Amino acid sequence: MHNISESIETIGSIIDELSIDEKKIAEFREQYLKISLRSRDTNFYLSTIGDFSSGKSTLINTIIKRKLLKVAHAATTAVPTYIYKGKNNRVVVNVKCDNGKKYDLTSETDVRKFEKEFGIQLPTEIDERISLLTADKELSLKIEAVNIELPDDELANGLCIIDTPGINPGADFAEKHAEITKHILNEKADAIIILFPADQAYTQSFEKFLKDNAEYFMKDAIFVVTMMDRVDEEERDDVIRFVKTNLRNNFHLKDPQVLSCSAMLSGKDPYWTDKFKEFEKSLMDKLAQNRQRIVTERLIKLSNELLTSIQSEILSQKTGFENRLTVLQNHSVPNLISVLADSKVAAIDELSKIQTAHNTAIKSESTYLENKIMQKVNSGLNACDTRSGVTKYVNNSLAADIEDACKGIYATSTQHTQNLNKALSSAIAGMIEKLKKYYGEIGSVLPENSSLSTSEHQIAIADKLTGLSGMIGDYEGKIDIATAVGGAGLAAIILTGLGPIGWIIGGVAALIGGDRLFVDSSRSKVRESVSGKIPEISKSIVQELCNGMQTNYSKARKALETKKDELVAQYKPVYEKLEKQFTMEKLSLTLKIKHSEDLQNRIKAVLQQIDELKGEIAK
């Protein structure tokens, strides 16, 4: 036959191997310790509950064959009282106070300490002391429990009777009494005697208390109608039927056994003496049945809770891992490449629009440019009032005036080039932001257990993000794209377009007459010559500016590709390292799952053994 102790030890070892929330493990361990201690406790705890003055104290006095507890029609027991079989031939009273102190009130030394502590004087008679300790309402607020050890021959071996505070919602301290009794039922009692006084056999308030606090015990409780001597003989069966009917209807008990007695008359009236002996025999039979049942049921409950918790924890870990892995895979290196490539395509489209806008604007300004050049040249020539002045203008100022006339178209090209520069900066900043988002996402799914700790991963990613933020702030204005055409380049185009201008100067010098003669002719010759060259100069400037924009556009595209590759190269080793950690975590999770399955199988084996044990006990 399987020993229940082996099952308890197995469950204890399983709890030691759990890898779940520490708080939950502590709760399981507390349950296990209570079950283990209960299974090894040599005392069997029998609790009595009932309304105020339902005969609890009288019943207990009759069982222990001593008038130890105070009997009264008003509220009596206010402190839970534990009555044990002692090792001495005298009554020993121990008091445990709410401040943690303990007193042996059969010791005069402790009596004096107790009296000084609480400012009272205890009676000299032991039963009077017990009455004061258990019934005084004010004192009960400071006393946690009263423990009474009886002489060796006055109580069955291993039996501990608990006298609980009476339950009556309308009475003083009733809420506190209910809490104390509920605690005893849940934490101490192995079985309970539920008392119904014959003259008030079944009250609604007591039924509510039983439903709220004792329903777990009802199917195996011992129901006793007390004080039956107060009911006429012909009405006694009706009282029993009344109690049975209410228990059956309100607690779904198939055939509750209801005993009756008159503890007050036991030993005085032969009829009630015999009745009480029948009651005591039924009581001891019930105690023998309940001990292992209670331990077994609590062990089954704990085992099922362990199963549920282990299954829930593994499911949570698997789901959590799979969700985090999905996030990691959604932010893989190929996905980043794709995202950055899309950004690059969008940026190139924007750069192309800027280039097109530049070329359209430059070409539309070419006609205006020709007029502007002639206006500038005419203005310069008109300022010359001698032939030498014209010659000097041609040699020293003509090219500069033409270049000055080109400032507008040059400014237009420069503006578009700056737009190109800004668009490139914005595109790269956008790519960097996308990488930062990727870092943020993979940073949120770091493995819980890895060779590289979570904090190290976070520091590494934080460093990357800091570097990227600085890159965004510093990038604008530092892209290596030259302005379309510089001043020196424009001057060269103009000089090339003008060609040799000595013939203009020679022609002017060959004119007959003084220096002031034929000035208009000199101006006209210069105008005619420059006018013939302007269309070609304008065309060359437009072409050069468009070529410069094409060069810058190509540089911008290359910068985007380079930056994309640079960002991917930065991200790849971080991702790959994290990917390896996930592989290690998956292996660890696989081992956890295997271990949890082993624990579950062991728990199921315990439940099977308990089930077999229950079958053997039933036989």
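The values are calculated or read from the model by the stated rules, or taken from the named source; none is laboratory data. Computed from a predicted model, the values in this text were never measured in an experiment. With ideal geometry, Cβ positions are generated from the backbone for all residues, glycine too; neighbour counts draw on all protein chains shown. These accessible areas exclude ligands, DNA and RNA; they are computed on the full protein's heavy atoms, side chains included. Shrake-Rupley method; radii C 1.70, N 1.55, O 1.52, S 1.80 Å.
Checking the structure you have, find out if any residue of the stretch 68-78 is among the charged types (D, E, K, R), in a loop (DSSP other than H, G, I, E, B) and at pLDDT below 75. Spell out how you get there, then give the answer.
Start the filter on the stretch 68-78 by keeping residues that are among the charged types (D, E, K, R), which leaves 70.
Filter once more, keeping what is in a loop (DSSP other than H, G, I, E, B): 70.
With at pLDDT below 75 added as a condition, the list becomes 70.
For the stretch 68-78, residues among the charged types (D, E, K, R), in a loop (DSSP other than H, G, I, E, B) and at pLDDT below 75: present.
Among the residues examined, L325 does not qualify as within 30 Å of R527 (Cα to Cα), of a type outside the set (S, T, N, Q) and in a helix (DSSP H, G or I). Is it true that Q570 is farther than 30 Å from T356 by Cα, out of contact with any His (no Cβ under 6 Å at 6 or more places or on another chain) and among the polar types (S, T, N, Q)? Answer is yes for this residue. Among the candidates E612, E561, the residue that is more than 30 Å from I4 (Cα to Cα) and of a type in the set (D, E, K, R) is uniquely E561. The number of residues in the stretch 369-407 being loosely packed, with under 13 Cβ neighbours inside 10 Å and either at pLDDT 85 or above or of a type outside the set (D, E, K, R) (or both) comes to 6.
Being of a type in the set (D, E, K, R), open to solvent by 20 Å² or more (accessible area, probe 1.4 Å) and either under 54 Å from the mean Cα position of the chain (by Cα) or modelled with pLDDT of 85 or more (or both) is true of D98. Can you find even one residue in the stretch 351-365 that is under 30 Å from Y571 (Cα atoms), modelled with pLDDT of 85 or more and acidic (D, E)? No, there is no match, as no residue in the stretch 351-365 is under 30 Å from Y571 (Cα atoms), modelled with pLDDT of 85 or more and acidic (D, E).
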